[in-house]
Amino acid sequence: MNLAQLTVFREVMETGSISQTAKKLNRTQPAISLAIKNLERSLGLTLFERKGRRLIPVPEAHYLLAETTGILDRLSTVSSTMHGLLKGSSGNLNIAAMPGPSIFAFPNFISRSVGGNPDIRVTLSTRSSPQIMELAGTQNIDFGFADFEHPIGKRPQFTAEIISGDCFCAMDRDNPLAQKKTLTISDLDSVPMGGLYDTHPFQKKVQRAFQMVSASYKPSVTCQYFLPLIPFVGSGQCCTIVDPLTVATERNLNISNGRVVFLPFKDPLRYEYAILTPDHRPPSQLALKIKAGWKAEVVSMLVQTKANPRTEDI
C-alpha cells in the first residue's frame, strides 16, 4: 500500500468510475485498475464489487476512505507548510532591535513584510545593543539590529553586517544656527546639548569630537536613546547630534510638529549599525528574507536622508 494507490482509491470512491478517475488524475484506465487491484492485494480484501462499468464500494472501503482522507489531507498540509517555509512565507521569526528603531521603523517594516500572513508568528524584543549582542552570541534570536560595537576579547559567535551613515545636528528651527547649510563641531561650542549616557560608545565619540577642536560640550538633557530628545530640541532647550535613522523616524512621526530641523556636518560624524546573525543557528528562509529586506530598508532610509550609507560585513 502506498500513497499513489490511496490517491487513486479516494478518487474512485468519489467518482465511482475508473474512467472518470483516469481523466481526473490524467492517467490511463488500465493504470487506475492496476492501482486498485494492487491495493486490494496488499490489504487482502476486495474493496469494490464490479457491476457493469460501476464500482460499488464494500463497507470496509468506507472505513478505508475515512482513514485515507485524513492521511492525504495531512500530507497536503505538510507539503503546503514546507513549501511556505521554503518560500519564506510561513514559520516563526524571533528578532530583537535596540530602542529607537524598535519604536517605529523596525516594526513598521516587519508588519509590511509579513502582510497579515497568519502563517507567520513574530516575536520582536526591544533590548539594549549589548543585550542584543548577547542574544545573538548565545544563538537565541534569528537576527538582531543594534549599534555596532567592535568586539573586545575572544571572537563573538555571531556575524555582523555593518551599515553606516552620516549623523546630523537636530535643533529648533528658530535657532540662529538653523540658517546654516552645514555645521562644524566648533559651532556647538558651549551650546546646551542633549545626548546619550556617557557610557554609550557614540556619546564617547561625540565628546572626543568636541575635545579635538577644543570646544566645550555642555550637557543639558540625557536620554537612553535619541527619539526622547526630540521634544527637548523642539522646545529650544538644547541641540543634539543624532543618527540618520532618528532623522528618518522623526520625518515619519513628526514628533516635534515641524519644530526640529536637521543639519549635516561639514566633517561628518559616522554612525554604525549592525545586523547581528548567530553563527550556529541555521537561519530559516523566512529569517533570511526578512533580514535581507531590512538591510535594504535601512540603506534606503539612509539614502533618503542623504546620510551617504556604506555597508560591510565583519
Subject >> Rg in Å to one decimal, and Dmax rounded to a whole Å, for region 168-267 via C-alpha atoms >> reply: 12.3, 36
Original post:
So how do 143, 48 line up by other beta-carbon neighbours within 10 Å, fewest first?
Top reply: 48, 143
**OP:** Grab region 3-87 and count how many Lys pairs have their alpha-carbon atoms under 23 Å apart, sequence gap of 8 or more, or different chains.
**Re:** 5
**OP:** Could you list which residues have their amide H under 5 Å from that of residue 125, counting only those 5 or more apart in sequence or on another chain, with H placed in the peptide plane?
**Re:** 95, 96, 97
Original post:
What list of ³J(HN,Hα) couplings, whole Hz, do you get for region 278-288 from phi and the Karplus terms 6.51, -1.76, 1.60, once you set θ to phi - 60° and write x for glycine and proline?
Top reply: x, 6, 10, 10, x, x, 6, 4, 4, 4, 4
Original post:
Taking +1 at the Cβ of each Lys and Arg and -1 at the Cβ of each Asp and Glu, which of 200, 63, 215 sits farthest along the dipole of the chain towards its positive end, judged by Cα position relative to the Cα centre?
Top reply: 63
Original post:
Hey, what D do you get for the chain in µm²/s if you plug the Kirkwood alpha-carbon radius into Stokes-Einstein at 4 °C and 1.567 mPa s?
Top reply: 54
Subject >> Rounded to whole Hz, the Karplus (6.51, -1.76, 1.60) HN-Hα couplings of region 12-21, x for glycine and proline >> reply: 5, 4, 6, 9, x, 8, 5, 5, 5, 5
Original post:
Tell me, 249, 138, 199 in order of fewest to most beta-carbon neighbours within 10 Å?
Top reply: 199, 138, 249
Subject >> residue 123/residue 296 FRET efficiency (R0 25 Å; Cβ-Cβ; nearest 0.05) >> reply: 0.65
Original post:
For the chain, what proportion of DSSP beta bridges, expressed in % and rounded to the nearest 5, is antiparallel?
Top reply: 60
**OP:** With 20 Å as the limit, write out which pairs from 181/306; 204/306; 180/306; 154/205 have Cα-Cα distances beyond it, or answer none.
**Re:** 204/306; 154/205
Original post:
How big is the charge dipole of the chain about its Cα centre, in debye rounded to the nearest 20, if each Lys and Arg gets +1 on its Cβ and each Asp and Glu gets -1 on its Cβ?
Top reply: 1100
Original post:
Mind ordering 208-214, 186-192, 105-111 by average Cβ neighbours within 10 Å, highest first?
Top reply: 105-111, 186-192, 208-214
Original post:
In region 168-267, what % of DSSP beta bridges are antiparallel (nearest 5)?
Top reply: 50
**OP:** Using just the helices of the chain, give the 222 nm mean residue ellipticity in deg cm²/dmol: DSSP H runs with n ≥ 4 each add -39,500 (n - 2.57), and the total is spread over all residues, rounded to 500.
**Re:** -13500 deg cm²/dmol
Original post:
Once amide H atoms are placed 1.01 Å from N in the peptide plane, what residues at a sequence separation of 5 or more from residue 159, or on another chain, have their amide H within under 5 Å of its amide H?
Top reply: 277, 279
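Throughout, read-outs are computed from the coordinates displayed, never taken from laboratory work. All figures in this text were calculated on a predicted structure; none of them were measured in a lab. As a convention, Cβ positions derive from the backbone with ideal geometry for all residues, glycine included, and neighbour counts pool all protein chains shown.
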